[in-house]
Structure formats: C-alpha cells, structure tokens
C-alpha cells in the first residue's frame, strides 16, 4: 500500500497561509468588498421581485432607494449615539467604580463571603469600559466604510448574474467555481435573508425593552443586536454585553440582571417560536467552528469580520467540499442545506 505524501498537504497549508496574510494586509480593501457582496446577496430577493415587473435599470434604482432608506433610518437612529457614548465613557467609569465599592461593602457584611468578594473583584471598571470601547470602535469602523460598501453592493446586484454566466462560459457549467458561486449566493439568500427577518424581531424587541428600562442608546444596541445575531450561539451574548454594562453602571446589579433576564427571554422566544415559522432549514455548523471562525476572521479582517464570519464559513465549507482531499474536513465543519429554488 502506497503511503500518502506529506508534501501536498504542506503545500496547501503554505498557500493558505500566504493567502490569509495577503488578505490581512489588504483588510481595508477586502473588508468592504466582502461586506458589499453580503449586502447584495441580502438585497437580491427585493431586486428580483422588482425586476419581474419593471425594467432592470428601474428595478436596480428602486432597490437602491430601499437600501438608502434603511441606511438613513440607521443613521438617524444611532448617529448621535457614537459621539455621545464616547464622550460619556469617563462618566460611566466613575459610576462603575461607585457600584463596585457598594458591592464590596455589601460583601464585607456577609459572613463567609470570600467567593462573592472574588466575583466582585472581577468586575473591574477599567475592563468593562474597555469592552464598551471595543464595541463602539467596531461599529464605527463599519459605518465609516458605508459609502464604498454601497457602491460595491450596486455593482454586485447589477453584474452578479452576468459574472456567473461568464464563469460558466470560461470554465464550463459543471466546474466547481461557477457551481459553488451559485450555491454560495443561494445559501446566503435563502438562509441569511430569512435570518434577517428573525434578527429584526429580536432587535426590535431588545431595543424596546432597553428603551422602557431607560438604558442609554437603546437604538444603537438594537442595531448591534440585529447584526451580531447573524452569528449563531455567541452573537446574542456579545450583543447583550454593552447594555448589561450600562445597566450595571446606571442602576446597579438589579437592573443588570433584569436586562440579562429580558435578553434571554426575547432570544428564547424568538428562536423557538418565530425562527421555526420563518425558516424551515438552517445551517448546521459546529458551535466550536462558529466561535473559532468568529475570533479568526476578526483577527484577519478586524471588527467587521465578526459580521461576515458566517458567510465566509459557508464559502469555505463549499470550497472544501469541492475536492476529494478536503471533503471530510468540510463535513466536520458543518452541513449546508441546498438553497431554495425561489428564495
């Protein structure tokens, strides 16, 4: 029996390392490009619906109007939140120091409260404020690239079918490149498009809850919840961190626990009632793979990599599944349902 050679896997690893290094160095260009394609895939159902009844140019224009209205709504909703929150971080630090001192005084009155004291000591105000700063920085970096993402989205919508057609002419209809490109856009449209509806329900309910509880910048956290909810398992956790920190600073541990409980209830009801009604099938991706990819793509592409980690996972699984040598690895990472005929 012939022993497998190690040179081919090593060559593949070296090529992958070189490619990822180039992507990391060119992240300022690659990130808006990938974001633009992702947004274009989400808008494709709207564009197709307009295109069935109107000329292609007018359909594209109306789709652009829809996108601009959404962007305008988001800007009006969270536009002032960035500057206000950034300028208020010092004040929140003082409030957090006061809250920690109150908890430490309460723990000192409790006999055998050594464990409680250790827990309270982990609530370092500097660390909590650093978490808030990271979240605000990530969100701001995405909005700064909005104009470039908008133009890429328009070109992707207008030229998408023609590009795939040229791929088929160049490589053949059965080649893995045009086939997987169609499969990728089909999966993004059928899954992430429907997921956007579920996320909208979660974000709306979360924003309303935070507004009723008087948590600052409820609109900003609602928008953040919408985008981070595209990340299964861990997205809701990261989206809830900033409002919980602000609730703790503003109202103490009790208000923070109310926000945590409310977020759990909203996500549980949505995932168990709304999601099954909207989505008949979902992506079956290993939770470990989801978490590792979340951290990995944030390292490669910066903060925006968190929002497009799942579409990149889908692309990677489709790519690995195209080759006999890597098909087993693709199966270990997860299973992608076939895209719907009419997303």
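Any read-out appearing in this document is the output of simple, stated calculations on the displayed coordinates, not a laboratory observation. What you are looking at is a predicted structure, and each value in this text was computed from that prediction instead of being measured. For neighbour counting, all protein chains shown are included, and Cβ atoms are generated from backbone atoms with ideal geometry for every residue, glycine included.
See the values below:
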item	result
Extension gain (nm, one decimal) between residue 46 and residue 208, 0.36 nm per residue minus Cα-Cα	55.6 nm
Order of 73, 226 under a 10 Å beta carbon neighbour criterion, fewest first	73, 226
Full-stretch length increase - residue 26, residue 324 - with 0.36 nm per residue and alpha-carbon distance subtracted	104.2 nm
Simple spin-label estimate for residue 175 and residue 291 in nanometres, 7 Å along Cα-Cβ	4.0 nm
Tensor-based shape of region 288-330 (alpha-carbon gyration tensor, a/c under 1.5 rounded, otherwise prolate or oblate)	prolate
Neighbour-count order for 35, 298, fewest beta carbons within 10 angstrom listed first	298, 35
Region 18-60 versus region 235-255: alpha-carbon centroid distance in Å	34 Å
Residue exposure sequence - 320, 10 - by fewest surrounding Cβ within 10 Å	10, 320
